[in-house]
Amino acid sequence: MIYKSDIEFFRNHFNLYKRYMISNARVEYTPLEYRAHENQCTWYIDNSTIVQAIDEASPPEIPSVFTFTPFRRFYQHIDDTSDIDTLGIVAQVHPRNHRGPTPTREIVIIDNSFMPVILTLWGEHETDEGQTIANIIQSMPLIVALRVKVSSYHTLNLSTKFGSSILVNPPIQQGASLKQWAVENKSQITELIAQKAYCDRAKLLPQPSEDELCTITDFLKFPTKKAYWIQGTPRFLDRSQHLWYNACSNCHKSFRAKPLWKIVCTSCNKQVNVVPRCRLTIELADYSGMLTLDLYDNDAEQLLPFTLLEIQELEDKHQLNYIAIEQAIENTILTCFVKKMMGNRGSGDTEKYTAIIVHKANAAEIISKIPTTPASIATSSTCASSTPGPSTAEAVPKHSTFDSELFTALKITESPTKRQRTDVTDMEQ
Ligand SMILES: [Zn+2]
């Protein structure tokens, strides 16, 4: 630990990735409030400590002390309190921006999953490492991002925070193979950047595999803010709902303003047009339960039989056909990545559920693909009826166009492992 003026004192002594011999540092018990475990000690280096650089041409590589989150697992940390360490190749840097007085910069990083993701650098992470990276971007530098957070901003975004670290071209063991991968796949990486694949929501949060899904009832029970994949059939909720509102075209902050008004957004500081944004509230049900869910933008518009412009015109004439909307919505099966938010309406402690992304499937198409031999129906019925617990069958919403057998057939159902877990819990009770 180095404090105050000693930080400046040592600024020119220490070089990144070099090794030093440190003698006679002070060792003290860590103050209670900063202690992670009992009898924890801290080394304090001040300007009387002897610091000598080890004379070696190339210091040894940093051993594998970090656990890096693969890009395909970023989604598991969206908007929760955890932070992640990751290793990637910088494929592109965007120009410096400002959020208030704070400089920011977006850089696009990629790993061998071919999924480019934006990492937003804030403050000193931009003026120091951000500028360094921009200067050497042609060489596709390798970076290690430590303690960065994952958010649902523009679907999936990484960003630095206080306490994050960005290491540029660190001599790290796991780096060599990734560097090699980048060299071998340069043309494909360039193409992904040209296509702006880092903005492609369906690539950032693709349709999950079945074992990544959780039931609605389980999702509702989880105490954490973490987002989960759920799957179910939607129902249009409340014909009095307004299907759009005016918002910043960049960050989606809502404004009481006329559409196409040019403003500097008070939230993201960008010069933007106020644009109408689609918002749809549905009820989503699976065999286990249901919840009320808000969908936005394309996630909502893909369910509606009209464009936003048509909706606005029809609303003005009081001719919006809600039956057509209901039918269009109810003929689908949705796979949604959903997060919990605290509602700010009413009593204050109500939870709201918002879809970060929605993958739509056509119910009729899926049903037509299900083998309808009596044997398969019989099997799925047996499964459904053998599910333990008295509440399961009753939890299926009565108004739903799908019955529990169909839910099972459509695999909007629990996996065998989860069923087993329920068994154990039931027996314990
Ligand atoms: Zn904005």
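The values are calculated or read from the model by the stated rules, or taken from the named source; none is laboratory data. Please read these numbers as outputs of a predicted model, since none were measured by experiment. Glycine gets a Cβ as well: all are built from the backbone with ideal geometry, and neighbour counts include every protein chain shown.
Those helices (runs of 4 or more DSSP H) of the stretch 118-210 in which at least 2 residues are more than 21 Å from the chain's Cα centre (by Cα), considering only elements entirely within it, cover 131-135, 175-184, 186-194. In the stretch 257-275, the residues that are within 23 Å of THR104 (Cα to Cα) form Cβ pairs under 7 Å with partners that are polar (S, T, N, Q) and near the ligand (Cβ under 7 Å from one of its atoms), at six or more places apart or across chains, as follows: CYS265/ASN250; CYS268/ASN250; LYS270/ASN250; VAL272/ASN250.
When residues in the stretch 157-189 are screened for being within 30 Å of GLN302 (Cβ to Cβ) and either free of Cβ contacts under 8 Å to residues at least 40 places away in the same chain or polar (S, T, N, Q) (or both), 3 of them pass. Checked against the criteria, THR233 does not count as part of a loop (DSSP other than H, G, I, E, B), β-branched (Val, Ile, Thr), within 24 Å of the chain's Cα centre (by Cα) and more than 16 Å from the ligand (Cβ to nearest atom). Of VAL93, VAL65, VAL51, VAL27, all but one fail to be closer than 20 Å to TRP181 by Cα and of a type outside the set (D, E, K, R); the exception is VAL93.
Within 29 Å of LYS352 (Cα to Cα) and buried (at least 20 other Cβ atoms within 10 Å of the Cβ), is that true of LEU220? Spelling it out, it is not the case that LEU220 is within 29 Å of LYS352 (Cα to Cα) and buried (at least 20 other Cβ atoms within 10 Å of the Cβ). For ARG239, state whether it is within 16 Å of the ligand (Cβ to nearest atom) and outside any helix (DSSP H, G or I). When the stated conditions are applied, ARG239 does not pass them.
For VAL272, the conditions (1) over 23 Å from the mean Cα position of the chain (by Cα); (2) surrounded by fewer than 20 Cβ atoms within 10 Å (Cβ to Cβ) all hold with the exception of (2).
Here ALA194 meets the list (1) under 30 Å from ILE62 (Cβ atoms); (2) modelled with pLDDT of 95 or more almost entirely, failing just condition (1). On inspection, THR190 passes the criterion of being loosely packed, with under 14 Cβ neighbours inside 10 Å, in the same structural domain as ILE137 (by TED's automatic domain parsing), away from the ligand (no atom under 16 Å from the Cβ) and hydroxyl-bearing (Ser, Thr, Tyr).
Taking the conditions (1) more than 23 Å from the chain's Cα centre (by Cα); (2) more than 23 Å from ARG235 (Cα to Cα); (3) surrounded by 17 or more Cβ atoms within 10 Å (Cβ to Cβ) in turn, TYR287 satisfies each one other than (2).
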